[in-house]
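In what follows, a structure is listed as structure tokens, so that the remarks can point back to it.
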Amino acid sequence: MSLKISYRYFVILLVFLVNQISNTQNLELNNAIDYLNKNKPSTYSGIDSLLKPFQRDSLKMKLFLEASKLNSYDEGTSYALNAIGVINRNLSNYNKSIALHEEAKSYADKANSNELRIVSLNMIGVAYRRMDVIKSALDYHTQALKIAYEVNNPSPTVSYNIAVSQNSIGNIYLALKQYDIAIIQFKKSLKIEEKANNKLGLAINYHNIGYAEEGKGNLDVALANYEKSLSYNESINSDIGRMICFNSIGGIYLKKEDYNKAEPIIRDALKKALALKDQFYIASSYISLGQLEIELNQILEAEDHLKKGLEVSKTYKLKSSEAASSSLLSEIYQKKGNYKAALDYYQDAVDIENTILTEQNLQYVNDIVIQYENENKNNQIKALASENEKVRQRLERNKSIFWYSILALGLILTTMLIINRTRTLKQDKQILTLEQDMLRSQMNPHFIFNSLNSIKLYIINNEKENAVYYLNKFSKLIRKILIASKEKETSLQDELETMQLYMNIENIRFDNEIDFKINVDDSINTGVTKVPSLILQPFLENALWHGLFSKTDDKKIDLNVSKNTSDYITVEIIDNGIGRIASKKIRDNKKLKRKSVGIDITKARLANFSKAFDNSYTLNIDDLYEGNTPTGTRVTLNIPV
């Protein structure tokens, strides 16, 4: 009897305590809402410092939203809409999430708050990325980055959102299976998060690096990054982070065929995903569990879980998960001897995967071209408008002086303008001619045709990853060449990256036999050192087609950059080809001779570039010998800095 009474008192006490805690939280929320609507802080951190404990509670955020709208507090309204949008995104209500974030952006625009505008754009991009709508995701994150980089003295919120944008763009590269480029983006984001000591951001970036390493096949490296991410999630007590890490770690053990370790982790991940109602990871966990059960020969259980994963994927339009579950169901029905169902599921998987890859790559390449063209046109329009405005202001300012001085200075001024204009036009014409010749040299039709033909062979041979890899390299190279054709000079870093891309493309036609290395002296800051754009390409082209083309094996090109004096940087291009004498004999025996003008154009451009310096460039081409046997050619180019 006393035990029942004690238990009843315990329940009453527990209910009382819960009510007290709830009342205390509601009091804190009401105090925070009253303070915010009275003082109306305009910064994101000023709002977040009071509402962070409540931002994952949709009811409390709706209360704040109503109060903010009632008090015409636009910054508070934008904050609340973004918080509710994130809650819906985590429940996989992506369309509703996007609508809320777009409304949040409209209030940020109304308040003229760059912080909240950037947050809203990033959140829209994240929602689109979770839906595999790559182009829209890229557009919104790029907009967020553009605004963030234009902010003077960025706040911690702006810096954090730069990291968010770079992380999301890295995830877009992951979807395109461009793992190395994705890792670069994640590491940029990681530096910002480390500086801010943001453990959530660190957890996210280490997990994404792990995902990229897993895609490259580096399972142990991936596992180490996942475990590092898990430790950060544990330190901030994030259930969502634990679920994501468990899912990924279980997947690694599954790939390593360590099923005893994989099973409890994957089941725990599914349990957490179901509790959090995150449909994206519910689908992913069902698929991982189904794959594990196939390996354990638990066919009926695997079929049930994979069908659940497929149903969630279709309901929430998760294309990647839909393709994965269909592929595994095809494997199950093949084991059961139902070959028609196996074929149907397999065809569904292939169709979805091809659609994703094709759409994403086309969108990616088209987006690059369109952005470049639009940016170029906009810059030209802005430059003309700015120049016209400057001329108008200058004329207005000097109008009075002009009329008093025109008789005395008119003739002299006109003569000087004509002479100066003639000299400028002559120089501009020379530069324009050189740049046009340079562009024609880089955009050689044979090079473009042969590169595309090589990529086409990969597509025909169904080598999707190679086709995507080289198409990405080729599009990036073309874009760099087009941009470089507009610039008289570029950074040494960009020049070396462009040459690496060029050699990657050319190497396809050599069956990847060429060992190309770039070695840069540690004392050189390649980011600030300027050189004429695309200045090294003709020398690499000569090394390829005159030095190595006729050689059967052991083909090498080394590009060495050093700084022996303060006035120059020295670039050496060394190949182990047949030498200039043997190459000349081969050219002389050809019936069709084509005059190469690339080196002549390059010398003219170097001479024009050197006019801005006290010292001119120097160029030496030497034949290398071992005894009397030619062993290659060395080009030594000294560029003034």
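So for segment 210-273, what are the equivalent ellipsoid semi-axes in whole Å, largest first, each being the square root of 5 times an eigenvalue of the Cα gyration tensor?
18, 15, 8
For a Förster distance of 41 Å, can you work out the FRET efficiency between the beta-carbons of Arg397 and Arg56, rounded to the nearest 0.05?
Working from the Cβ atoms, E equals 0.10.
Step through the residues of segment 230-235 one at a time and calculate ³J(HN,Hα) from phi using the Karplus curve (6.51 cos²θ - 1.76 cosθ + 1.60, θ = phi - 60°), rounding each to whole Hz and writing x for Gly and Pro.
Taking θ as phi minus 60°, the curve returns 4, 5, 5, 5, 5, 5 Hz for segment 230-235.
So for segment 33-175, considering every pair of alpha-carbon atoms, how many percent are separated by more than 18 Å?
For segment 33-175, the share of Cα pairs beyond 18 Å comes to 53 percent.
If I stretch the segment between Asn338 and Asp180 completely, what's the gain in nm (0.36 nm per residue apart, minus their alpha carbon distance), one decimal?
The span from Asn338 to Asp180 would gain 52.8 nm if fully extended.
How much length is gained if the chain between Asp614 and Asn71 is pulled fully straight, taking 0.36 nm per residue apart and subtracting their Cα-Cα distance, in nm to one decimal?
Here the segment from Asp614 to Asn71 would lengthen by 188.9 nm.
Please report, to two decimal places, log10 I(q)/I(0) for segment 205-323 at q = 0.10, 0.16, 0.17 Å⁻¹ as given by the Debye formula with identical point scatterers on the Cα atoms and no solvent.
For segment 205-323 at q = 0.10, 0.16, 0.17 Å⁻¹, log10 I(q)/I(0) is -0.28, -0.73, -0.82.
For a label point 7 angstrom out from the Cα of Leu624 toward its Cβ, which stretches of segment 491-535 have the backbone nitrogen within less than 13 Å?
So the set is 515-517.
Return the long-range amide H neighbours of Ser92 (sequence gap of 5 or more, or a different chain), with a cut-off of under 5 Å between placed amide H atoms.
Gln279
Given H placed 1.01 Å from N in the peptide plane, which residues other than close sequence neighbours of Thr618 have an amide H under 5 Å from its amide H?
Residues meeting the criterion, in which the H sits 1.01 Å from N, are Asn638.
Using the C-alpha atoms of segment 512-641, what convex hull volume per residue, in cubic angstrom, is computed?
Each residue corresponds to 132 Å³ of Cα convex hull volume.
Report the calculated FRET efficiency for Thr315 and Lys187 (r = Cβ-Cβ distance, R0 = 35 Å), to the nearest 0.05.
Working from the Cβ atoms, E equals 0.50.
Calculate one ³J(HN,Hα) per residue across segment 572-577 by plugging θ = phi - 60° into the Karplus curve 6.51 cos²θ - 1.76 cosθ + 1.60, and present them in order as whole Hz with x for glycine and proline.
The phi angles translate into 10, 10, 10, 10, 9, x Hz.
Cα-Cα over 20 Å: which of Lys188/Lys255; Lys177/Lys255; Lys96/Lys307; Lys135/Lys199; Lys187/Lys530?
Beyond 20 Å between Cα atoms: Lys188/Lys255; Lys96/Lys307; Lys135/Lys199; Lys187/Lys530.
In a shell of Cβ-Cβ distance under 12 Å around Pro264, excluding Pro264 itself, what net charge do Lys and Arg (+1) and Asp and Glu (-1) give?
Neighbour charge sum, excluding Pro264 itself: 0.
Quick one: Karplus J couplings for segment 466-480, per residue in order, coefficients 6.51, -1.76, 1.60, θ = phi - 60°, nearest Hz, x for Gly and Pro?
With the stated coefficients, segment 466-480 comes to 5, 4, 5, 4, 6, 5, 5, 4, 5, 5, 5, 5, 4, 4, 4 Hz.
Excluding Ile557 itself, calculate the net charge of residues whose Cβ lies under 13 Å from the Cβ of Ile557, where each Lys or Arg counts +1 and each Asp or Glu counts -1.
Residues near Ile557 contribute -3 overall.
Bear in mind that the values in this text are calculations on the coordinates, not laboratory data. All values reported here derive from a predicted model rather than from experimental measurement. Ideal geometry is used to build each Cβ from the backbone, glycine not excepted, and the neighbour counts take in all protein chains shown.
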